[in-house]
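Notes to accompany the following structure.
The values are calculated or read from the model by the stated rules, or taken from the named source; none is laboratory data. If you're wondering where the values come from, they're calculated on a predicted model, not measured in any experiment. No Cβ is skipped: glycine too gets one built from the backbone with ideal geometry, and neighbour counts run over all protein chains shown. Just the protein is used for accessible areas: all its heavy atoms, side chains included, with ligands, DNA and RNA removed. Shrake-Rupley method; radii C 1.70, N 1.55, O 1.52, S 1.80 Å.
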Amino acid sequence: MSAHKKHKEQAPTVLNYYVISISTSRYEKLQRKEPVVDESGDLIKEIIIKAEQKVIGYDLVPDDKVKILKAFAKALDMDEVDVVVSTGGTGYSPTDVTVEAIRPLFDRVIEGFSDLFRLYSEREIGSAAYLTKASAGIIKNKLVYLLPGSPDAVRLAVEKLILPEAGHLIYLIRSSR
């Protein structure tokens with residue numbers, strides 16, 4: 001049996017996820033007590049739950065480095081969290097600051113995630129796929145995924161990349177404890 005198959009067999013089958021949506025417009029609506037539709041954040045939660053995984057937390061924050069950092073700190077400080085998945089702020093508009101706020105905190109970068117995400121995205125949206133800074137890394141023995149705000153991008157990343165390998169990765173990064 002190959003090493004990766006052996007690791008997957010030993011990997012946890014249920015993980016605890018924390019979802020963070022980054023959107024100034026949705027955050028402002030929430031502050032005004034208006035109804036908020038968080039299509040991408042809700043989609044992440046829905047896919048995770050359908051895959052029989054657990055969503056144990058959720059935050060909606062604006063495109064503000066300090067508020068983004070606070071949301072991630074809150075999630076990463078929870079012992080039971082295995083994976084943090086965020087949506088929004090991974091492009092090149094002036095307000096897209098998620099990657100710049102969080103990537104410097106990575107203990108290790110999961111380099112292949114960005115490569116595969118852009119490869120799969122190119123098949124769906126063409127050359128615009130290289131306009132994303134979608135990233136993944138490890139912080140405090142937890143997986144962190146920074147996804148675009150597009151529901152299509154979220155679906156692709158969660159279904160094709162995150163769920164198939166998250167347990168395997170958690171096993172690998174925690175097996176030396």
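What residues qualify as long-range amide H neighbours of Asp59, i.e. H under 5 Å apart, gap of 5 or more or another chain, H built at 1.01 Å from N?
Val19, Ile20, Ser21
Roughly how many Å is it from the Cα centre of the range 83-103 to that of the range 106-137, as a whole number?
That distance is 13 Å.
From the backbone phi of the range 94-105, what are the Karplus-calculated ³J(HN,Hα) couplings (6.51 cos²θ - 1.76 cosθ + 1.60, θ = phi - 60°) in whole Hz, Gly and Pro given as x?
Karplus values, whole Hz, x for Gly and Pro: x, 8, 6, 10, 4, 5, 5, 6, 9, 4, x, 7.
In whole Å, what three semi-axes, largest first, describe the equivalent ellipsoid of the range 60-133 built from its Cα gyration tensor (square root of 5 times each eigenvalue)?
Computed over the range 60-133, the values are 24, 16, 10 Å.
Once you place label points 7 Å from the Cα toward the Cβ at Glu9 and Tyr171, how far apart are they in nm?
The modelled label-to-label distance comes out at 0.9 nm.
Would you mind computing, in nm to one decimal, how far apart the modelled labels at Glu122 and Asp152 are, each placed 7 Å from Cα along Cα→Cβ?
Result: 1.7 nm between the two label points.
With a 1.4 Å probe and every protein chain left in place, tell me how much accessible area Glu122 has, in Å² to the nearest 10.
Looks like 90 Å² after rounding.
Could you tell me what percent of the accessible area of the range 25-177 is made up of carbon and sulfur, with a 1.4 Å probe and every protein chain present?
Carbon-and-sulfur percentage of accessible area, whole number: 52.
Using a Gaussian network model of the chain whose springs link C-alpha atoms within less than 10 Å, name the residue from Gly126, Gly167, Gly91 with the highest mean-square fluctuation.
Its mean-square fluctuation being the largest, the pick is Gly126.
Charges only on Cβ, +1 for Lys and Arg, -1 for Asp and Glu: so what's the dipole of the range 1-99 about the Cα centre, in debye to the nearest 20?
Magnitude of the dipole: close to 100 debye.
Accessible area per residue, 1.4 Å probe, Å², for the range 1-152: what's the number?
Accessible area per residue, the range 1-152: 54 Å².
Below 14 Å, Cα to Cα, which aspartates and glutamates can Lys50 reach? Residues fewer than 8 away in the same chain don't count.
Asp42, Glu159
Cα-Cα pairs above 13 Å in the range 52-98: how many percent?
Counting every Cα pair in the range 52-98, those more than 13 Å apart make up 58 percent.
Would you kindly find the accessible area of Asp152, with a 1.4 Å probe and non-protein molecules such as ligands, DNA and RNA excluded, rounding to the nearest 10 Å²?
110
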